Amino acid sequence: QPVAAARTAGAEFVVNLNASPFDVAKRQQRREVLKQRARENQMGIAYVNCVGGQDELVFDGDTQVFNSQGQALINTPAYVEDVFDFQLDARGRPTAAAADSEPAVEIALVYGALVQGVRDYVTRNGFERVYVGLSGGIDSALAVAVAADALGPERVHAVAMPSRYSAAMSHDDACAQAQALGVQFAAIPIEPAFQAFGAMLAPAFCGTEPGTAEENLQSRIRGALLMALANKFQGVVLATGNKSEMAVGYATLYGDMCGGYAPLKDVYKTQVYALARYRNTRGPAIPERVISRPPSAELRPEQLDEDSLPPYVRLDPLLQLYIEEQRSIADIVAVGYAESEVRHIAGLVRAAEYKRRQAAPGPKISVRAFGRERRYPMTARYEDL
């Protein structure tokens, strides 16, 4: 209606100033809408979009110019602020363009959104540097790579904090990645603190078996160390958890959830692997062994993520149906999942809401991110949704 009304009022060309945030489906939607509006009104359109990050939102640019036949004359590069020229004839119709970029592939757009989000959150909020716990695992590896690309390696401080359960290869891979990216690197073993906490808690824990509390204590020690470093040297901690973990509560409050910004908050685990492989096509960044080894929190001997969760290649599509598509339990069962599995995962998602309310913000890249776009109460009883 607005474009048609402008046409009726005598407009010959439309300039649309926009602040449209990125998600993986948005670019194709924009193109189709603009093409349709131009054709049906026989009028050229310049769609001019913001570039930059603001809290959870990332504005990807994607400025486009269409002629009155719905043909694209300009499609600017993502995440680039610049001036692009085009010409209009006497009737206000675009006739020629000075520049047109090839449409970027989805994985590159997602990676660019993470980089833009981190860069603007850190820089515009006045932080001098970032601190990231680099464990030798895939999530922290990708987070460090994103931070280095966003801020430059000199502003990124990767900290390895091995425990008695950390594999030697984890530390080796963390060192190798830090060296490849040129980021600042330090190692602070947590064993002295873990023993001290164990001794302090021994009277209260007397008569109990070691379990989740002791495992999570290691994560919380690491969080405290990172926060101390950031506090001392005017930095901010980047949390490294991903959307799969945030969805089902496979994360430790005040531990690995500790941080001011979470680059991977809206990125599923399977996407983390895809992004790591993509980043390595641009230059060495993440050791291949980090990508190929089975994921583990390394909080107890021989621990693997699949001890507690379904394989991510099965879990992530289920979560996408439940979260992004808002499908009911019955609908997901009809797709081919066992009802017991769907109910179990849905229960985990609901139970973890209180954790997500305390999570750091992070760049939105999906059509429905946790937070403002998926709002459920922490304390409620309701039927299947």
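The values are calculated or read from the model by the stated rules, or taken from the named source; none is laboratory data. What you see is a predicted model, and the numbers here were worked out from it, not measured in a lab. Because the Cβ atoms are built from the backbone with ideal geometry, glycine has one as well, and the counts that use them run over all protein chains shown. Protein only, heavy atoms only, side chains kept; ligands, DNA and RNA dropped before computing areas. Shrake-Rupley method; radii C 1.70, N 1.55, O 1.52, S 1.80 Å.
Structure notes:
- Farthest towards the positive end of the charge dipole of the chain, among the residues 333, 44, 366, is the Cα of 44, using unit charges on the Cβ of Lys, Arg, Asp and Glu.
- Seen from residue 231, the other residues with C-beta closer than 13 Å to its C-beta sum to a net charge of +1, counting Lys and Arg as +1 and Asp and Glu as -1.
- Entry for P(r) over Cα pairs in 10 Å bins from 0, in percent (calculated from the structure that is shown) out of [x] 5, 21, 27, 23, 14, 7, 2, 1, 0; [y] 5, 23, 31, 23, 13, 4, 1; [z] 4, 15, 20, 20, 14, 9, 7, 5, 3, 2, 1, 0: [x]
- Normalised by 2.2 N^0.38 Å, where N is the number of residues, the C-alpha radius of gyration of region 117-192 stands at 1.10.
- Rounded to 10°, Cα long-axis angle of helix 269-281 versus longest principal axis of the chain: 70
- Relative to the longest principal axis of the Cα atoms of the chain, the long axis of helix 106-124 lies at roughly 80 degrees.
- ³J(HN,Hα) computed for each position of region 188-197 - Karplus, 6.51 cos²θ - 1.76 cosθ + 1.60, integer Hz, glycine/proline x: 10, x, 9, 4, x, 5, 5, 5, 5, 5
- If you take the Cα centroid of region 282-352 and the Cα centroid of region 177-199, the two points sit 28 Å apart.
- Cα gyration tensor shape for region 182-251, rounded if a/c is under 1.5, else prolate or oblate: oblate
- Each residue of region 357-365 is assigned a 3J(HN,Hα), and the resulting list reads 5, 9, 7, 5, x, x, x, 7, 10 Hz, derived from the Karplus form 6.51 cos²θ - 1.76 cosθ + 1.60 (θ = phi - 60°), x at Gly and Pro.
- Normalised Debye scattering of region 150-284 at q = 0.13, 0.15, 0.18 Å⁻¹ gives log10 I(q)/I(0) of -0.66, -0.88, -1.24, counting only Cα atoms as equal scatterers and leaving out solvent.
- Stokes-Einstein D (µm²/s) once Rh is taken as the Kirkwood radius of region 33-153 over alpha-carbon pairs, at 25 °C in 0.890 mPa s: 149
- Proximal lysines to residue 26, defined as alpha-carbon separation beneath 21 angstrom and excluding residues fewer than eight positions away on the same chain: 35, 243, 265, 364
- Relative compactness, region 309-369, computed as alpha-carbon Rg over 2.2 N^0.38 Å: 1.17
- Annotation: peptides 371-377, 135-141, ranked by per-residue average of other Cβ atoms within 10 Å with the highest first, follow the order 135-141, 371-377.
- Largest to smallest in accessible area, the residues 252, 379 fall in the order 379, 252 (1.4 Å probe, all protein chains included).
- For region 1-71, the Stokes-Einstein estimate of translational diffusion at 25 °C and a viscosity of 0.890 mPa s comes to 194 µm²/s, using the Kirkwood hydrodynamic radius over alpha-carbon pairs.
- Helix axis angle, 312-323 relative to the chain longest principal axis, alpha carbon, degrees: 60
- From most to least packed by mean Cβ count within 10 Å, the peptides 57-68, 235-246, 19-30 give 235-246, 57-68, 19-30.
- What you get for the chain, charging only the Cβ of Lys and Arg (+1) and of Asp and Glu (-1), is a dipole of about 720 debye around the Cα centre.
- Close amide H pairs (under 5 Å, H built 1.01 Å from N) link residue 16 with 46, 47, 48, residues at least 5 positions away or on another chain.
- Shown in residue order for region 329-343 are the 3J(HN,Hα) couplings computed by the Karplus curve 6.51 cos²θ - 1.76 cosθ + 1.60 at θ = phi - 60°: 4, 4, 5, 5, 4, 5, 5, x, 7, 5, 4, 4, 5, 5, 5 Hz (x for Gly and Pro).
- Förster radius 30 Å - calculated FRET efficiency between residue 212 and residue 381 (Cβ-Cβ, nearest 0.05): 0.75
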